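Beneath this line is the structure, given in structure tokens, with notes to follow.
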């Protein structure tokens, strides 16, 4: 294994951050029970990382996750929220 490389089964911190931010945004919308940052932490843990920051700003949530591999670490950040009121409807296409 190369120094600093991840074993193949480890999830990407970016994917974990995105999933955690989406889970937090769903909680923020009220569609599931729980606080947004608690939902982000549960999702992050399920993806093998920890939440290092969770910030609510209006109807958006920004989540930063971190993971460690020996003396090395990795982090990623993602933001999710409700679509703007002017967003086109989903599906259908042009």
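The values are calculated or read from the model by the stated rules, or taken from the named source; none is laboratory data. Quick caveat: nothing in here was measured; it's all calculated off a predicted structure. No Cβ is skipped: glycine too gets one built from the backbone with ideal geometry, and neighbour counts run over all protein chains shown.
One table, with the values for the structure above:
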quantity	calculated
Pair list, Cβ < 9 Å and 6+ apart or interchain, from segment 72-88 residues that are without any contact (Cβ under 8 Å) to a residue 12 or more places away in the chain to residues that are surrounded by 15 or more Cβ atoms within 10 Å (Cβ to Cβ)	73/66; 73/67
Residue count, segment 13-41 (criterion: closer than 23 Å to residue 73 by Cβ and either surrounded by fewer than 15 Cβ atoms within 10 Å (Cβ to Cβ) or out of contact with any helix residue (DSSP H, G or I) (no Cβ under 9 Å at 6 or more places or on another chain) (or both))	4
Residue 91 being surrounded by 10 or more Cβ atoms within 10 Å (Cβ to Cβ), more than 17 Å from the chain's Cα centre (by Cα), in a loop (DSSP other than H, G, I, E, B) and at pLDDT below 90	no
Count - residues of segment 74-88 that are over 13 Å from the mean Cα position of the chain (by Cα) and surrounded by 11 or more Cβ atoms within 10 Å (Cβ to Cβ)	2
Residue 41 vs. criteria touching a strand residue (DSSP E or B) at 6+ places or on another chain (Cβ under 7 Å) and modelled with pLDDT under 95	no
